[in-house]
Amino acid sequence: MGLAGPAASQSPAGVAAAGSSAAAGVAKFQADKDYQVLAPAQPIVGDGAPGKVEVAEVFMYSCPHCAAFEPRLQAWLKKAPPYVSFVRVPAIWGAIPELHARAYYTAEALGKTAEIDGPFFDEIHVKHNLLGPGGDAIVDQLAAFFAKFGVDDKTFRSTFYSFAVDGKVSRAAELVKRYKVPGTPAVIVNGKYLTSGGVAGSYDTWFAIIDELVAREHAGDGAAH
């Protein structure tokens, strides 16, 4: 889901103000207008470490809005409070997104996520290599892509088709349904709130909403459940 109107760059001052106002108990944003409350609250993605607030991005590598969101998200993460636990959940809406989700969890299993995420978006949206012509050719292309990051063909394929990756893909599909995600990218805070750029209208506002919800959860010790 894209943003309505031109995307503004993130404003650190605006983000700080949103966080401080939420911590002080003054809500700037409203449920059903600026974000959706997930009722009942849904499971989180991670292990729910004490004192942490989970921020989960639901995304697809093939989504152009996700590609545009990526550098802004990475900039936000560099400034996010230490109690933020960031995770990704691939949306599995179709055969190619499912294979891309497998690639994401393969990278995660091999400890290559930080290396591969940005280049994977670039491969599709900058180099226009869609990594998805159909059939086994997709897996061959993905194996060749992973080879650029030091992953041999045998290791890639055994991980890609592993039971562990099967389980992660199935759980991602279930979580996206439970979160009632209408489009990508979307952000889920602590399994309780859904936010999107389409509702926020700009990146500045979107990150301010996320910050307020994160600060509220942390101030109320609404730690992962």
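Values in this text are rule-based calculations from the coordinates and carry no lab data. Just so it is clear, the model here is predicted, and its values are computed rather than measured. A quick note on method: Cβ atoms are made from the backbone with ideal geometry, for glycine too, and the neighbour counts reach across all protein chains shown.
Any idea how far apart A95 and A109 come out in nm if each label point goes 7 Å out from Cα toward Cβ?
Taking the two extended label points, one gets 2.2 nm.
Hand me the chymotrypsin sites (Phe, Trp or Tyr not before Pro) from the range 102-191 located in a DSSP loop with no more than 16 other Cβ atoms within 10 Å, in residue order please. Each step should come with its number before you reach the end.
On the way: sites: Y104, Y105, F120, F121, F145, F146, F149, F156, F160, Y161, F163, Y179; in loops: F149, Y161.
Listed in order of number, the matching sites are F149, Y161.
Stretch Y161-A75 to full length: gain in nm at 0.36 nm per residue minus the Cα-Cα span? Don't skip to the answer; put the middle values down first.
Working: separation 86, 0.36 × 86 = 30.96 nm, distance 3.30 nm.
Length gained between Y161 and A75: 27.7 nm.
Give the residue list of chymotrypsin sites (Phe, Trp or Tyr not before Pro) in the range 20-94 that are DSSP loop and have at most 12 other beta-carbon atoms within 10 angstrom. Mind showing how you got there, number by number?
Working: sites: F29, Y35, F59, Y61, F69, W76, Y83, F86, W93; in loops: F29, Y61, Y83, W93.
Sparse-neighbourhood loop chymotrypsin sites (Phe, Trp or Tyr not before Pro): none present.
Among bridges DSSP assigns within the range 28-219, what percent are antiparallel (round to 5)? Walk me through the intermediate numbers first.
Values: 10 of 18 bridges.
In the range 28-219, DSSP labels about 55 percent of beta bridges as antiparallel.
Modelled label-to-label distance, V126 and D140, 7 Å Cα→beta-carbon offset: nm?
2.7 nm
Going by how many other beta carbons lie within 10 Å of each one, how would you line up R157, R216, fewest first? Don't skip to the end; give the middle numbers.
Values: R157 17, R216 22.
Ranked by crowding around the Cβ, least crowded first: R157, R216.
Name the shape class, rounded, prolate or oblate, that the alpha-carbon gyration tensor gives for the range 28-219, where a ≥ b ≥ c are the square roots of its eigenvalues, rounded holds for a/c under 1.5, and otherwise prolate holds if a/b is larger than b/c and oblate otherwise.
Details: a/c = 1.90, a/b = 1.72, b/c = 1.11.
Verdict is prolate for the range 28-219.
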